Amino acid sequence: MDADELVRGYLVLGLRLGRLVSGFVDSFTGDPALSRTVDNEPRLDPRALAGHARQLLKELPATDLADQRKQFLEAHLKALECTARKLAGERITFVDEVQQYFQVRIRPGDEDAYTQAHRNLDALLPGAGTLTERLQAYRTADEVPARRLQGAVQAISSALRDRVRAKYALPEQEIVEYQVVTNKPWSGFNYYLGGYRSRVAINADLGHRMSNLPHLVAHESYPGHHTEHCRKDAGLIAKRGHAEQSIFLINTPQCLMAEGMADLGLHAAVGPGWGVWTERIFRDLGLRMDGELSEKVESAAAGLLTVRQDAALLLHDRGADQDDVVAHLRRWLLVPDRRARQMVRFLADPLWRAYTTTYVEGVRLVRAWLDVRAPGESLDSRYLRLLDEPLTPKSLESQVRDGLSWLARNTQENSI
């Protein structure tokens, strides 16, 4: 099997699984004729699709693809095989399922760390009432009025777009259209339409806060998902012929990479001081926020990052009742019942049940990789590699280990 045939086999396999699972194919911007062909086929048994994945994995080493492309395709074919096996009814533990999808091994978080995060929040939000009540009051005061949400999103997007275009070249014709929606299990979603165009849906049910909105827009658009799609479209696909990048499939390693990178979008685009930067934008809209406090509160709340993954483990690994999972989220995330149940709705969805890991482990891994830059390497150039290269979690983890070893050796030599 030559390289082109194997890549085509990967695309066909992804599209065929998409016939069995609604929403599995997040985007496909490749050959429309290939998509039409698969759409007109009889739907295949998932056992046959698992076998197809194994056959492609067997053929992959003999192709003349570059090592980086082989690593990408191997990781993704293993993830697709796992999806097919699950669809065929095979029992796979939740932890093993997550590892097959995303190349990470998950474990429960540290409740002592959560307690410390609560102490940090308590110090930032003094006053009467419990910490949960004070944090809820702070977040309620921070909410963007529903009638102002569309305008606020547009203003932040415009400001971020200017910064991102100055840092990373984007096609002149790229554009993002924003749409406010309701009754969705997520807070925001990027639909990449091809041709450097995205439609970003913002879920109004969640009551978006001024301090969170820049993170959301950075995540979905600039320099997150939309920016990544545009740059990989223009570079890896159009210039280098990496056709495998024309499909984006849920529950694959590219999801963990994309979500980790997108969640660090505001860190890369604005960095420290993003709170005051956001405050100025809202001031021009006639909305008031305390940018400095917002940044401190968000930093303290970051200590609760793994709570949502703990909830997924409780639900799918330990068989906990949904009400017990809601109680866990309310206790540690300090969120009201309605918000906790919205989170459980996402965790309980058959397609998205493992996906929370992409945000948790994705942020941890990508942040560690960004932080072990070589001497003289800027954050911008490091982040650009995430936008442009077909990196996998396993490759990042290896580079983080190597980087930490180098830093340890260098520190030891300098101390002698």
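The values are calculated or read from the model by the stated rules, or taken from the named source; none is laboratory data. Quantities reported herein were computed from a predicted structural model and do not represent experimental measurements. All Cβ positions, glycine included, derive from the backbone under ideal geometry; neighbour counts span all protein chains shown. Side chains are part of the model used for accessible areas, which takes the heavy atoms of the whole protein and leaves out ligands, DNA and RNA. Shrake-Rupley method; radii C 1.70, N 1.55, O 1.52, S 1.80 Å.
Just a few scattered comments:
- Across every pair of non-identical alpha carbons in the stretch 120-203, the mean reciprocal distance, once inverted, gives a Kirkwood radius of 15.7 Å.
- Inter-part distance where the stretch 334-376 and the stretch 173-238 are each reduced to a Cα centre, Å: 17 Å
- Translational D in µm²/s for the stretch 4-102 (Stokes-Einstein at 10 °C, 1.306 mPa s, Kirkwood Rh from C-alpha pairs): 113 µm²/s
- Cα shape, the stretch 274-416, gyration tensor, a/c 1.5 rule: oblate
- Rg/Rh for the stretch 209-319, where both radii come from Cα atoms and Rh is the Kirkwood radius: 1.07
- Packing, as the average of other Cβ atoms within 10 Å across residues, places the peptides 50-62, 375-387, 300-312, 222-234 in the order 222-234, 300-312, 50-62, 375-387, highest first.
- Given +1 at the Cβ of Lys and Arg, -1 at the Cβ of Asp and Glu and no other charges, the dipole of the chain around its Cα centre is 440 debye to the nearest 20.
- Accessible surface of the stretch 53-155, 1.4 Å probe: 47 percent of it comes from carbon and sulfur atoms.
- Rounded accessible area per residue of the stretch 149-194, 1.4 Å, Å²: 48 Å²
- For the stretch 32-190: relative contact order, % (alpha-carbon pairs under 8 angstrom, 6 or more apart): 14 percent
- Most to least packed among 351-363, 329-341 [average Cβ atoms within 10 Å]: 351-363, 329-341
- Coordinate range of the alpha-carbon atoms in the stretch 1-45 per principal axis, descending: 30, 23, 16 Å.
- Cα-projected label distance for ARG331 with VAL180, points at 7 Å along beta-carbon direction, nm: 3.7 nm
- This model, with +1 at the C-beta of Lys and Arg and -1 at the C-beta of Asp and Glu, gives the stretch 243-336 a dipole about its Cα centre of some 220 debye.
- Each DSSP beta bridge with both residues in the chain is either parallel or antiparallel, and the antiparallel ones are about 60%.
- For the stretch 250-278 and the stretch 47-78, distance of Cα centres in Å: 29 Å
- Among 2-12, 126-136, the order from most to least packed when residues are scored by Cβ within 10 Å on average: 2-12, 126-136
- Panel note: the C-alpha atoms of the stretch 298-351, placed on their principal axes, show extents of 31, 20, 19 Å (largest first).
- For the chain, the relative contact order works out to 20 percent when only alpha carbon pairs closer than 8 Å and six or more residues apart are counted.
- Taking 37 °C and 0.692 mPa s as conditions, the chain diffuses translationally at an estimated 145 µm²/s according to Stokes-Einstein applied to its Kirkwood radius (Cα pairs).
- Difference of contour (0.36 nm per residue) and Cα-Cα distance, ASP402 to ASP162: 82.9 nm
- Surface per residue (accessible, 1.4 Å probe) for the stretch 245-347, Å²: 39 Å²
- Sites ASP388 and ASP323 - FRET efficiency at Förster radius 51 Å, r taken between beta-carbons, to 0.05: 0.70
- Bridging of LYS239 to lysines at a Cα separation below 29 Å is possible for LYS58, LYS70, LYS78, LYS167, LYS394, once same-chain residues fewer than 8 apart are set aside.
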